[in-house]
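In what follows, a structure is listed as structure tokens, so that the remarks can point back to it.
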Amino acid sequence: MLGRLYRRLFAQADRLNRENILAFADEARRALTVVRRFVDLGCDDGAWTMRVARQLGATEVSGVEIVPEQADKARSLGVAVVQTSLDKELPFSTESVDVVHANQVIEHVANIDLFVSEVRRILVPGGYAIISSENGSAWHNVFAAAMGWQIFSLTNVSTKAGAVGNPLALHTDGSPVSASWTHKTIFNYRGFKEIFEVHGFNAVRIQGSGYHPLPAAVGKLDPRHSHFITALARR
């Protein structure tokens, strides 16, 4: 029963997190006036990519995706996809992108410094990054740690099982995940903000969503302990 409750709360938090992303996208569009090129890192099947692109009013939509089947789906929707790993230099020219987005991707990346520095490199001066991830300081993660369990955000660390170390995790009954789907780094609120600042981003703001077991919107009031955290960072 508790597992089902967590799944429902997760879905509510995810919906609000996407609303936060769209709000940041609207803010970036207004600040830039014109958004020419938009890049989605880890674009999956492209559906969410195109939703964010519409919010931005972007005229060129590109993406990076490592899974061939998902990359093909994204291409069918009009995303110019490069199939490659995000643990490499990004396949875009320096200062060629107005907005970079990555939703629930940075936690899967092995080299955080490379990822963040590459995001900054490809952005035009004054361009925006909208990056979302899970929060190690979320109350449900604090609870799990106190129980001696793996925190919810770090249960998918093995390719041998869907989840380990937490009986309430999302994928305890699932099949093993691929290496690209395992979580490598989970940030806490302050670390998430500062990783962009140490790489030279300005005006980094964080928005939260999800606050289990309370309504997801409470996370907007206390992002330090929300489930998801999303950064809007200006180059």
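Restricted to region 42-51, and to residues there that are of a type in the set (A, V, I, L, M, F, W, C) and assigned to a helix (DSSP H, G or I), the residue that is surrounded by the most Cβ atoms within 10 Å (Cβ to Cβ) is Met50. Checking region 108-120 against the condition returns a match, with at least one residue being at pLDDT 95 or above, surrounded by 15 or more Cβ atoms within 10 Å (Cβ to Cβ) and more than 22 Å from Ser180 (Cα to Cα). Kindly indicate the residue of region 89-128 that is in a loop (DSSP other than H, G, I, E, B) and among the acidic types (Asp, Glu) and also nearest to Arg29 (Cα to Cα) among those meeting that condition. Looking at the filtered set, the residue picked out is Glu95. Only helices (runs of 4 or more DSSP H) whose full extent lies in region 137-235 are considered here, and the ones with at least 2 residues that are within 17 Å of the chain's Cα centre (by Cα), touching a residue at least 40 places away in the same chain (Cβ under 8 Å) and surrounded by 15 or more Cβ atoms within 10 Å (Cβ to Cβ) are 189-198, 218-221. All told, Phe38 falls short of being part of a helix (DSSP H, G or I) and in contact (Cβ under 8 Å) with a residue 40 or more places away in the chain. Candidates in region 35-93 are the residues that are in contact with a Phe, Trp or Tyr (Cβ under 9 Å, 6 or more places away or on another chain) and of a type in the set (Ser, Thr, Tyr); of these, the one that is farthest from Val116 (Cα to Cα) is Thr59. It is to be established whether one or more residues within region 86-98 are aromatic (Phe, Trp, Tyr) and in contact (Cβ under 8 Å) with a residue 60 or more places away in the chain. No. Residues in region 106-139 that are out of contact with any Asp or Glu (no Cβ under 8 Å at 6 or more places or on another chain) and closer than 12 Å to Phe228 by Cα: 7 in all.
Here is a check on your reading of the model: is Leu5 touching a residue at least 24 places away in the same chain (Cβ under 8 Å), farther than 21 Å from Ser96 by Cβ, in contact with a Lys or Arg (Cβ under 8 Å, 6 or more places away or on another chain) and surrounded by fewer than 18 Cβ atoms within 10 Å (Cβ to Cβ)? Spelling it out, it is not the case that Leu5 is touching a residue at least 24 places away in the same chain (Cβ under 8 Å), farther than 21 Å from Ser96 by Cβ, in contact with a Lys or Arg (Cβ under 8 Å, 6 or more places away or on another chain) and surrounded by fewer than 18 Cβ atoms within 10 Å (Cβ to Cβ). When restricted to residues that are within 15 Å of the chain's Cα centre (by Cα) and buried (at least 22 other Cβ atoms within 10 Å of the Cβ), region 17-41 contains 8. Restricting to region 52-78, give me the number of residues that are among the basic types (Lys, Arg) and either in a loop (DSSP other than H, G, I, E, B) or surrounded by 14 or more Cβ atoms within 10 Å (Cβ to Cβ) (or both). Number of matching residues: 2.
The values are calculated or read from the model by the stated rules, or taken from the named source; none is laboratory data. These numbers were taken from a predicted model, which means no experiment stands behind them. Quick reminder, even Gly has a Cβ in these numbers, built from the backbone with ideal geometry, and neighbours come from all protein chains shown.
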